[in-house]
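To keep things clear, I will list the structure first and then write my remarks on it.
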Amino acid sequence: MANIKKGDLVQVITGAKQERGGDRGKQGKVLEVLAEQNRVIVEGVNYITKHTRVGQTQRGTKTGGIETLEAPIHISNVALVDPETKKPTRVGRRVEEQTKDGVKRTVRVRYAKKSGKDL
């Protein structure tokens, strides 16, 4: 079970520094989680240029050419950002009892370990 979900704010914690053209220290929102490959696609991080074959649609418009898009990055190279401190943090889970409409449920809740706050 991964600690990072779609829509989370994460920060790249490994790689070359930004001054050298790398992505370390950049923050972005998770667009997609590829659980089978242990990878995530982060908005604005790990850009690649992809060359696609030029073709035509049925209406006659041209498709293809050179496009830039985000490539997947390994899940161990990003850390979840604490919403209050805006710094990367470790994530823990705890089991809580919640009552909703008179029914008790046990729910797993994520929390930031360093600050001890709920996410």
If I filter the stretch 10-38 down to residues being touching a Pro at 6+ places or on another chain (Cβ under 7 Å) and part of a strand (DSSP E or B), which single residue comes out as surrounded by the most Cβ atoms within 10 Å (Cβ to Cβ)? Gln11
Of all residues in the stretch 52-78, count the ones that are surrounded by 11 or more Cβ atoms within 10 Å (Cβ to Cβ) and not in a strand (DSSP E or B). 4
Test: residue in the stretch 95-112 that is open to solvent by less than 80 Å² (accessible area, probe 1.4 Å), closer than 21 Å to Val12 by Cβ and at pLDDT 90 or above: no
Pairs under 7 Å by beta carbon, first residue among the aliphatic types (A, V, I, L, M) in the stretch 12-31, partner loosely packed, with under 12 Cβ neighbours inside 10 Å, six or more apart or different chains? Val30/Lys6; Val30/Gly7
Tally the residues that are over 14 Å from Ile4 (Cα atoms), assigned to a strand (DSSP E or B) and among the charged types (D, E, K, R), restricting the search to the stretch 79-107. 6
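The values are calculated or read from the model by the stated rules, or taken from the named source; none is laboratory data. Quantities reported herein were computed from a predicted structural model and do not represent experimental measurements. Neighbour counts run over all protein chains shown; Cβ positions are idealised from the backbone, glycine included. Heavy atoms of the whole protein, side chains included, go into the accessibility calculation; ligands, DNA and RNA do not. Shrake-Rupley method; radii C 1.70, N 1.55, O 1.52, S 1.80 Å.
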